[in-house]
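The values are calculated or read from the model by the stated rules, or taken from the named source; none is laboratory data. Please read all numbers here as calculations on a predicted model, not as lab measurements. Cβ: placed from backbone, ideal geometry, glycine included. Neighbour counts: every protein chain shown. Please note that ligands, DNA and RNA were not included when accessible areas were found on the heavy atoms of the full protein model with its side chains. Shrake-Rupley method; radii C 1.70, N 1.55, O 1.52, S 1.80 Å.
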Amino acid sequence: MQHLLRWIAPYGVLFIAGIALGWGMSSVIAGRQLAEEQAARARDHEQHAEQMKAISDAALAAQQKATAMSETQARRIETLDAQLSQERQAHENENQRLRDALAAGTERLRVAVVNCSTRSRDVSGFAAATGMGNGSPTYADLDPTVAERIFRVADDDQREIDKLKALQAYVCTVRPETAECPVTGLQSAVP
């Protein structure tokens, strides 16, 4: 048996050395594969980090652009509001002055009159002298109270028209790409 052991012992040592060498090699190969996998994951993480940074930078740029646009529009709206308020106040002052002048009789509101009927029968000479009755217009002054009321109604209508113009200017300032707006919203604000 010793002879057999002497004969098997070198092979056994070789066998054990082979197993150890195989295990060591597989361990080295597994370690290398693990290192390659870790390197691939690190590259993937780096690539994902770069992509996330690019997305973050794009989002930041878009936010900054939107903020700048919003600030620009806010300034335009403030300018537009100040301009429209000033114009409205000047318009109201002028209209009040005219209403007062109409009510006082210092200003007259005239209307064209083609035919006129009166209660008095003795107006034929006046009508002939002024051209009434023959189709040519003549003018008559309205009573100051009536003229002031008519002017007030016209002023109310104009005020509503001015409101619509201001609203359109606001829309063109906030959303200049609207079809009815000129190239810049601020230009459309000037009636």
> Given LEU60, LEU98, LEU80, which one is in a helix (DSSP H, G or I), aliphatic (A, V, I, L, M) and closer than 30 Å to TYR139 by Cβ?
Replying inline: LEU98
>> Tell me the residue from THR79, THR145, THR67 that is modelled with pLDDT under 85 and open to solvent by less than 90 Å² (accessible area, probe 1.4 Å), please.
In response: THR145
> Going by the conditions given, is ALA104 exposed (fewer than 13 other Cβ atoms within 10 Å of the Cβ) and in contact (Cβ under 8 Å) with a residue 12 or more places away in the chain?
Replying inline: yes
> Looking at VAL123, VAL111, VAL190, which one is at pLDDT below 65, aliphatic (A, V, I, L, M) and open to solvent by less than 70 Å² (accessible area, probe 1.4 Å)?
Replying inline: VAL123
